[in-house]
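What follows is a set of notes on a single structure, which appears directly below.
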Amino acid sequence: MKFEDVEEAVSFYKVYALACGFDVRRYTTKKWRDGTIKSKLLVCNREGFPYKAVVRTDDIVGSQERKRNIKRIGCKARVRLVSRKGTLESSCTCKLFERRGVPCRHILWIYLGNGLDKIPESSFAKRWTKDALRAIKSNHKGCVGVGDVDIIDKKQIEMTKLCSRGFSESNNMELNTVKDALRNRNFIVQYNPGTLESSCTCKLFERRGVPCRHILWIYLGNGLEKIPESSFAKRWTKDALRDIKSNHKGCVGVGDVDIIDKKQIEMTKLCSRGFSESNNMELNTVKDALRNRNFIVQYNPGTLESSCTCKLFERRGVPCRHILWIYLGNGLEKIPESSFAKRWTNDALRDIKSNHKGCVGVGDVDIIDKKQIEMTKLCSRGFSESNNMELNTVKDALRNRNFIVQYNPGTLESSCTCKLFERRGVPCRHIL
């Protein structure tokens with residue numbers, strides 16, 4: 001229950017105690033630095049037990065023990081009143097903070113409604129603050145410690161629990177069943193105490209190259225002070241760029257992209273290979289055990305052009321692991337420049353400055369390159385007289401859906417039903 005002030009809460013509890021047949025007395029009070037009440041404890045007047053003092057009456061002639069009317073019987077009826085002033089703690093059922101360590105828009109809306117001028121520091125996990133790296137260096141001399149990775153902070157620890165532990169004699173691995181209350185599922189974590197190798201059925205390391213919270217929980221339970229280097233993919237280390245420069249003189253090599261490391265290679269296998277005479281493209285069927293699906297990769301050995309039905313390049317502008325697997329199978333030493341969108345190259349900003357004198361042009365945003373243009377088509381166009389907005393129906397073949405784009409030619413205002421701008425603050429490809 002919530003009350004305007006402490007006295008209102010005390011009055012309410014006294015009325016409740018009178019109706020139940022007992023009296024109330026104030027026990028302890030804690031205050032903030034400014035003198036306002038932080039918490040107050042109210043107990044029953046019969047709480048505790050009477051204190052029996054030892055009094056010597058041998059030297060006192062005719063003395064009698066004074067009788068006291070104390071009727072404390074150890075009643076446990078009590079209530080603690082807590083003032084939330086100064087804590088500004090918050091939580092939301094969407095669990096965005098537990099997953100990413102940043103406040104969600106629902107919490108920000110509450111902050112805005114309560115008139116807060118700035119977001120409290122407690123709303124951000126330590127990994128997003130300036131003191132994150134400083135604490136790591138001071139504690140571990142440059143090594144990343146398990147305790148420093150605040151993905152297993154208090155809220156994460158409540159979400160992750162160890163259910164059972166076993167042992168596999170075939171590969172000398174511990175089998176730990178970890179319960180994740182955030183996803184309401186159980187995951188199997190294999191851990192080798194000798195080599196410190198680990199793997200989890202959630203496959204986060206295979207997808208992103210970083211250890212999941214289930215593995216970190218096992219590290220914490222086994223008393224490790226720092227995370228093993230094998231728990232991070234090479235692309236997250238300082239030596240990643242150094243190896244690329246020394247091996248390929250600035251060119252990105254297929255072997256350097258460790259998204260197809262040993263664990264990824266086990267997840268990706270070539271099932272069949274064919275040839276299309278119409279466009280001189282090889283048709284490769286690649287099995288992805290991580291997603292339990294087959295994907296078709298088209299590859300031209302002459303022009304080195306490629307495409308995959310997973311559409312990762314169309315969404316993010318980088319080659320997927322299925323295309324990299326085909327490059328590796330064909331003996332390519334470096335990834336072709338056409339496999340990266342222009343926004344990931346050194347010339348992206350240079351072309352924008354030379355063409356538009358610092359302004360970002362629509363053509364420079366290569367999210368609408370040739371492959372994106374093929375995926376997005378205008379179906380119909382109308383006009384709304386109520387707000388002077390053009391109504392455009394745009395077909396997105398990548399998502400196999402139609403979206404409505406409103407556009408005002410006078411004010412250049414626009415909006416789309418995909419709500420990408422509302423989520424990330426950037427225009428979607430339908431608006432572009």
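The values are calculated or read from the model by the stated rules, or taken from the named source; none is laboratory data. Predicted model only: the values in this text are computed from it and were never measured. FYI the Cβ positions are ideal-geometry reconstructions off the backbone, even for glycines, and counts take in every protein chain you see. Accessible surface is based on the protein model in full, side chains and every heavy atom, while ligands, DNA and RNA are left aside. Shrake-Rupley method; radii C 1.70, N 1.55, O 1.52, S 1.80 Å.
Only residues that are farther than 24 Å from Leu88 by Cα and either in contact with a helix residue (DSSP H, G or I) (Cβ under 8 Å, 6 or more places away or on another chain) or loosely packed, with under 12 Cβ neighbours inside 10 Å (or both): list them for segment 12-45, please.
Filtering segment 12-45 down to residues farther than 24 Å from Leu88 by Cα leaves 12-27, 42-45.
Those that are farther than 24 Å from Leu88 by Cα and either in contact with a helix residue (DSSP H, G or I) (Cβ under 8 Å, 6 or more places away or on another chain) or loosely packed, with under 12 Cβ neighbours inside 10 Å (or both): Val15, Leu18, Ala19, Cys20, Gly21, Asp23, Val24, Arg25, Arg26, Leu42, Cys44.
Say whether the condition of being touching a strand residue (DSSP E or B) at 6+ places or on another chain (Cβ under 8 Å), at pLDDT 75 or above and either of a type outside the set (Gly, Ala, Ser) or not in a loop (DSSP other than H, G, I, E, B) (or both) is met by at least one residue in segment 88-105.
So far as segment 88-105 goes, no, none of its residues is touching a strand residue (DSSP E or B) at 6+ places or on another chain (Cβ under 8 Å), at pLDDT 75 or above and either of a type outside the set (Gly, Ala, Ser) or not in a loop (DSSP other than H, G, I, E, B) (or both).
Being open to solvent by less than 70 Å² (accessible area, probe 1.4 Å) and assigned to a strand (DSSP E or B) is the filter here; which residues of segment 405-417 pass it?
Val405, Gln406, Ser414, Ser415, Cys416
Would you mind finding the one in Arg99, Arg105 that is in contact (Cβ under 8 Å) with a residue 40 or more places away in the chain and open to solvent by 90 Å² or more (accessible area, probe 1.4 Å)?
The match here is Arg99.
Could you tell me which residue of segment 226-244 is nearest to Leu216 (Cα to Cα), considering only residues that are modelled with pLDDT of 65 or more and assigned to a helix (DSSP H, G or I)?
Here the residue is Ser231.
Yes or no: Arg183 within 15 Å of the chain's Cα centre (by Cα), within 20 Å of Leu96 (Cα to Cα), surrounded by fewer than 19 Cβ atoms within 10 Å (Cβ to Cβ) and at pLDDT below 90?
For Arg183, the condition - within 15 Å of the chain's Cα centre (by Cα), within 20 Å of Leu96 (Cα to Cα), surrounded by fewer than 19 Cβ atoms within 10 Å (Cβ to Cβ) and at pLDDT below 90 - is met.
Yes or no: Arg343 surrounded by 14 or more Cβ atoms within 10 Å (Cβ to Cβ) and modelled with pLDDT under 80?
When the stated conditions are applied, Arg343 passes them.
Tell me yes or no: at least one residue of segment 386-400 is more than 30 Å from Ser339 (Cβ to Cβ), open to solvent by less than 100 Å² (accessible area, probe 1.4 Å), charged (D, E, K, R) and at pLDDT 85 or above.
Yes, some residue in segment 386-400 is more than 30 Å from Ser339 (Cβ to Cβ), open to solvent by less than 100 Å² (accessible area, probe 1.4 Å), charged (D, E, K, R) and at pLDDT 85 or above.
Taking segment 1-11, which residues are assigned to a helix (DSSP H, G or I) and open to solvent by 90 Å² or more (accessible area, probe 1.4 Å)?
Scanning segment 1-11 gives a single hit, Glu7.
Could you give me the residue pairs with C-beta distances under 6 Å whose first residue belongs to segment 214-233 and is under 14 Å from Asn192 (Cα atoms), whose second residue is not in a loop (DSSP other than H, G, I, E, B) wherever it lies, and which are 6+ apart or on separate chains?
Between residues of segment 214-233 that are under 14 Å from Asn192 (Cα atoms) and residues that are not in a loop (DSSP other than H, G, I, E, B), the close pairs are Ile215/Val189; Ile215/Ser198; Ile215/Cys200; Leu216/Ile152; Ile218/Asn176; Ile218/Val189; Ile218/Tyr191.
Right, Gly223: at positive phi and modelled with pLDDT under 75 or not?
No.
Quick check on segment 75-87. Is at least one of its residues over 30 Å from Tyr16 (Cβ atoms) and either charged (D, E, K, R) or modelled with pLDDT under 85 (or both)? Let's see the steps before the verdict.
First, pick out the residues of segment 75-87 that are over 30 Å from Tyr16 (Cβ atoms): none.
Scanning segment 75-87 turns up no residue that is over 30 Å from Tyr16 (Cβ atoms) and either charged (D, E, K, R) or modelled with pLDDT under 85 (or both).
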